[in-house]
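K.L.:
This is the structure, below, for whatever I ask next.
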Amino acid sequence: MSAANAPAVISAENIELVGYHDLEKRPAFKIAMQEAGGRFYLYLSTFWQSGWAVLDVTDPAAPELKAWLPGPDNTWTLQVQAADGLLITSLEKIPPGWGPRPDDPPEAEGVYIWDIATDPAVPRRIAHWETGETGTHRNFYNGGRYAHLSAGAKGYKGRIYRILDLEDPENPKEAGRWWLPEQEAGGESDMSGERAMVFQHGPAHAEAGRAYLPYAGGGIVILDIEDISAPKLVGRLNVHPPLGSNIAVHTVYPYRDRHIAIANSEALRENCDEPLNYTAVIDIRDETHPRVMSIFPVPDPPEGYSHKNFCERGGRFGPHNQHHAQGLDCLEDREDRIYLTYFNAGLRIYDLTDPVRPFEIAHYIPADPEERLGMLPKTLVTQSEDVLVDRRGYIYVTDKNHGLHILRSTV
């Protein structure tokens, strides 16, 4: 499919549309990429249907759907990670409000491991690792021996940090785990209601003997993982209250050479009916005492917008997913620019040259979907979900009820 098939645009600044694919009306969520044999392949999890799509985006103006891989019944399959010829896909119990049978157990939980080296266009499943609980959510794998999971575990409240040994990818084994004390049986973690929830939301980011964990209501957690079997707490920063939804820390991504990390919450309630959601620069020079350095500006609606602010538009408004380079050669890796999806405010790009004063340099807001493909949002509006940028500069953006937009920044 081509850009001619794409929805119209509400507003765009310094971004141009390159390509589009409707994914056969299976909206994508998380995105991973592999470059193999001179070709670029996208691996996409899907909303509202269990499974994964594979696209060849070597020509981003004409993406080709190469495969649809049906997933297990009544199972969330939201997270994908690709590196070293392996694809790691999450399997998770569907929470209430996100599927037709939330009280029923998922057909599968944990992670599937796929071979994508033999035939990048047609993944071959080689293993299934189970948590023994509700499954995994946002995981991290950028190659090598270990995958870092946001995983359920018996005897704990909410997902914890579990490390998977993939030395033999057909026979994965747990190598280590870490949790907050309040997650233990009998602990004081509140997993419902108005208080922020304490759990390893993920993805962890593992680099240079450290793991950086977005722990929802548990804050930002930095661990020493030099001994992979026994992670140790290095530092922690809580921001809720006053900032953020119940998922007060959704993402934390470090830029170690600059001694900073970018953290954000996840907007959850429609019409902004919750504490202020944020994106922030975190000073990690003293990793035992991380601190907030600055807050990103909140997007303003474009001239002529239908409402005086994004909150009144309907759906969710606030930050969600950042582009994560993860040290992969196929992805853009620069430390002066942040790509961030913002639900009904579309994709926002920020200049981070000065971490004390991040500012917006570009945005792209697709027109609202014309057809409802899933249960949410309650008001059928644009909800930009994930973003990934390849080393050529092409930007891939997903939505709950749209197909895949392929964009390029002009600045």
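The values are calculated or read from the model by the stated rules, or taken from the named source; none is laboratory data. For clarity, every value in this text was computed on a predicted model and none was experimentally measured. With ideal geometry, Cβ positions are generated from the backbone for all residues, glycine too; neighbour counts draw on all protein chains shown.
K.L.:
Give the residues of the stretch 76-89 that are buried (at least 17 other Cβ atoms within 10 Å of the Cβ) and either out of contact with any Leu (no Cβ under 9 Å at 6 or more places or on another chain) or closer than 15 Å to L388 by Cβ (or both), sorted by residue number.
P.N.:
Scanning the stretch 76-89 gives L78, Q79, V80, Q81, A82, A83, L87.
K.L.:
Having 2 or more residues that are within 19 Å of the chain's Cα centre (by Cα) is the bar; report the strands (runs of 3 or more DSSP E) wholly within the stretch 131-182 that clear it.
P.N.:
146-151, 160-165
K.L.:
Moving on. Hey, any hits in the stretch 20-36 for a residue that's closer than 19 Å to G85 by Cα, modelled with pLDDT of 95 or more and assigned to a loop (DSSP other than H, G, I, E, B)?
P.N.:
Looking for residues that are closer than 19 Å to G85 by Cα, modelled with pLDDT of 95 or more and assigned to a loop (DSSP other than H, G, I, E, B), one finds none in the stretch 20-36, hence no.
K.L.:
Hey, can you tell me all the residues within the stretch 103-130 that are in a strand (DSSP E or B) and among the aliphatic types (A, V, I, L, M)?
P.N.:
Here is the first cut: in the stretch 103-130, the residues in a strand (DSSP E or B) are 110-115, 124-129.
The answer is V111, I113, I126, A127.
K.L.:
Something else about it: Scanning the stretch 103-140 for residues that are of a type in the set (S, T, Y) and touching a Leu at 6+ places or on another chain (Cβ under 7 Å), which turns out surrounded by the fewest Cβ atoms within 10 Å (Cβ to Cβ)?
P.N.:
Applying the filter and picking the extreme gives Y112.
K.L.:
How many residues does the stretch 37-75 hold that are in contact (Cβ under 8 Å) with a residue 60 or more places away in the chain, crowded, with 16+ Cβ neighbours inside 10 Å and assigned to a strand (DSSP E or B)?
P.N.:
Selection size over the stretch 37-75: 10.
K.L.:
Give the stretch 315-367 a look and list any residue that's out of contact with any Cys (no Cβ under 9 Å at 6 or more places or on another chain), among the small types (G, A, S) and crowded, with 18+ Cβ neighbours inside 10 Å, or say none.
P.N.:
If the condition is that a residue be out of contact with any Cys (no Cβ under 9 Å at 6 or more places or on another chain), among the small types (G, A, S) and crowded, with 18+ Cβ neighbours inside 10 Å, then G315, A325, A345, G346, A362 are the ones that fit.
K.L.:
Here's something else I'd like to know. With respect to the numbered conditions (1) closer than 22 Å to E266 by Cα; (2) outside any strand (DSSP E or B); (3) among the charged types (D, E, K, R), which one is the sole condition not fulfilled by E287?
P.N.:
Among (1) closer than 22 Å to E266 by Cα; (2) outside any strand (DSSP E or B); (3) among the charged types (D, E, K, R), the lone unmet condition for E287 is (1).
K.L.:
Something else: Which strands (runs of 3 or more DSSP E) does the stretch 202-265 wholly contain that include 2 or more residues that are within 17 Å of the chain's Cα centre (by Cα) and under 14 Å from L180 (Cβ atoms)?
P.N.:
Once the strands (runs of 3 or more DSSP E) in the stretch 202-265 are filtered for at least 2 residues that are within 17 Å of the chain's Cα centre (by Cα) and under 14 Å from L180 (Cβ atoms), what remains is 210-214.
K.L.:
Here are the criteria: (1) in contact with a strand residue (DSSP E or B) (Cβ under 8 Å, 6 or more places away or on another chain); (2) modelled with pLDDT under 95. Tell me which single one H240 does not satisfy.
P.N.:
With respect to (1) in contact with a strand residue (DSSP E or B) (Cβ under 8 Å, 6 or more places away or on another chain); (2) modelled with pLDDT under 95, H240 is out only on (1).
K.L.:
Considering only residues that are surrounded by 22 or more Cβ atoms within 10 Å (Cβ to Cβ) and more than 16 Å from F140 (Cβ to Cβ), which ones fall in the stretch 247-259?
P.N.:
Across the stretch 247-259, the qualifying residues are I247, A248.
K.L.:
Checking P95 against (1) assigned to a loop (DSSP other than H, G, I, E, B); (2) surrounded by 22 or more Cβ atoms within 10 Å (Cβ to Cβ); (3) not aromatic (F, W, Y), only one condition comes out false. Which one?
P.N.:
Checking P95 against (1) assigned to a loop (DSSP other than H, G, I, E, B); (2) surrounded by 22 or more Cβ atoms within 10 Å (Cβ to Cβ); (3) not aromatic (F, W, Y), the one that fails is (2).
K.L.:
Please pick out the residue among Q322, Q326 that is among the polar types (S, T, N, Q) and on the phi > 0 side of the Ramachandran plot.
P.N.:
Selected residue: Q326, the only one of Q322, Q326 that is among the polar types (S, T, N, Q) and on the phi > 0 side of the Ramachandran plot.
K.L.:
Checking the structure you have, find out if any residue of the stretch 398-405 is outside any loop (DSSP other than H, G, I, E, B), among the polar types (S, T, N, Q) and surrounded by 24 or more Cβ atoms within 10 Å (Cβ to Cβ).
P.N.:
yes
K.L.:
Which one is farthest from L78 (Cα to Cα), of the residues in the stretch 369-391 that are part of a loop (DSSP other than H, G, I, E, B), touching a strand residue (DSSP E or B) at 6+ places or on another chain (Cβ under 8 Å) and not β-branched (V, I, T)?
P.N.:
Among them, the one singled out is R391.
K.L.:
Considering only the stretch 266-279, state which residues are under 19 Å from the mean Cα position of the chain (by Cα) and either surrounded by 24 or more Cβ atoms within 10 Å (Cβ to Cβ) or free of Cβ contacts under 8 Å to residues at least 40 places away in the same chain (or both).
P.N.:
Once the filter is applied, which keeps residues that are under 19 Å from the mean Cα position of the chain (by Cα) and either surrounded by 24 or more Cβ atoms within 10 Å (Cβ to Cβ) or free of Cβ contacts under 8 Å to residues at least 40 places away in the same chain (or both), the stretch 266-279 yields A267, N277, T279.
K.L.:
Another question, if that's okay. With G152, G144, G110 as the choices, which residue is in contact with a His (Cβ under 8 Å, 6 or more places away or on another chain), touching a residue at least 40 places away in the same chain (Cβ under 8 Å) and small (G, A, S)?
P.N.:
Exactly one residue qualifies, and that residue is G110.
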